[in-house]
1. Estimate the FRET efficiency between E169 and A295 by the formula 1/(1 + (r/R0)^6), using the beta-carbon distance for r and 56 Å for R0, to the nearest 0.05.
2. If you wrap a convex hull around the Cα atoms of region 1-76, how much volume per residue is inside, in Å³?
3. Taking loop as defined by DSSP and a crowding limit of 15 other beta carbons within 10 Å, which trypsin sites (Lys or Arg not before Pro) in region 1-93 fit?
4. Using 1/(1 + (r/R0)^6) with R0 = 51 angstrom and r between the beta carbons of T387 and E271, what's the FRET efficiency to the nearest 0.05?
5. Quick check on the chain: helices-only [θ] at 222 nm, where DSSP H runs of length 4 and up contribute -39,500 (n - 2.57) each and the sum goes over total residues. Nearest 500, please.
6. Label point 7 Å out from R263 along Cα-to-Cβ: which residues of region 332-374 have amide N under 11 Å?
7. Tell me, how many Å apart are the Cα centres for region 113-173 and for region 274-339?
8. Loop only per DSSP, at most 16 neighbouring Cβ atoms within 10 Å: give me the GluC sites (Glu not before Pro) in region 87-155, ordered by residue number.
Amino acid sequence: MSTDFPHATRLGVGENFADLAAGELQREREGFPPTAQVRALAATGYAALRLPPRLGGRGISIRELVELTVELGSADSHAAHALRNAFLFAESAMLDEELHARWLPGLAAGQLVGLGFGEAEMPRAGAAEFLTSVRPEGSGFVLDGVKLYSTGNAYCDLVLVQAREPDGEVAHVVVPVDREGVEILDDWDGIGQRFTASGTTRFHQVRVEAEEVLTSAQLAARPSRRSTERASPLAQVYLTAVVAGIVAGAAREAVGLVVGRGRNYYHGTAEKPRDDAMVQAVVGKLSADAFATRATVLAAAESLDAALEVGTTAALEAASFDAARAKVVVDEIATRATAALLDAGSASAIRSGLALDRFWRNARTLVAHNPTSYKQRVIGDHLLNSTPPPNGSFF
């Protein structure tokens, strides 16, 4: 099955992807996460692939990362989604090696870093309005707070927590997940993406060493590889690639479903479903949808690659708009295509053992992240009034 994942195979992780794909349906049926498979993939240095070779990575482009993410999303969308924050941390480390020097060897060796950002008390989702606190104590610090939507933390070795200092400024704290006082809860109850470990992470009087904190002063004084402080839209491009991967997985599932069907309706156009023109059209449309979603997110990836190379505010704004356009298109196709998968199998396709609804549930859950309507409005406002896009990882 590794031949289904050409880019992963080229980078030596094709068998990891195939292993994830082979057990995906069983995990869905029995309700358990791909912990062992994700950890095995991480051990290859997968999340550090964007790092340059001198830092232990492979120096792959955003386009190559998106190619891999579409493939991984088609194998197991939970695994692909759960690794997003690890890639984002590696991206930050690559952009500022000196500030992240402590963690670079671990990244190259396969460590995964999760994220603690969102909080229930935030009046505006995505804004840095934290109640989680980090305060000096003795030679180090103490961390307290509760984070929601902690995607991937249960798979990770470390977690990056954004917290308020006593003066109200924001610091970054990186602590091991097994540190006393850190509690990762399996309480995510979404209709899809159930095994992404997107639940609650609690920090109760967690002792933090001085070198595990990037203070607001350090962050403000950090050297930058580019001449702008505009946020990269990588987080959005990555998530859209996972959605495109789900469409690819649904298209692949449709082929196996139809080939495995032995009978057709008495009023069908052929004796076997695989020879029925109507069924062929459904499968062909799913294949076209998979092609279109992949091509769309790759275009956004290429735009981001170009923007990072130029490094200007204008270039990153353009890439942000392209990421938003890609999400609008991919989300619409994915919602329709994953529902249309059931048309390839007729009544037999709704059996619970096949769990074909998982493709729609997983896609719809991801589509709900940062609603498309907001993206469309911002794009339209820019075209009509030259309004710049919001600056932040949520756009």
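1. Calculated transfer efficiency: 0.85.
2. 75 Å³
3. Listed in order of number, the matching sites are R58.
4. Result of the calculation: an efficiency of 0.30.
5. That comes out to -15500 deg cm²/dmol.
6. No residues fall inside that zone.
7. 33 Å
8. E97, E98, E121, E129
The values are calculated or read from the model by the stated rules, or taken from the named source; none is laboratory data. Since this is a predicted model, take the numbers as computed values, not measurements. Here the Cβ is made from the backbone with ideal geometry for all residues, glycine too, and neighbour counts use every protein chain on show. Side chains are part of the model used for accessible areas, which takes the heavy atoms of the whole protein and leaves out ligands, DNA and RNA. Shrake-Rupley method; radii C 1.70, N 1.55, O 1.52, S 1.80 Å.
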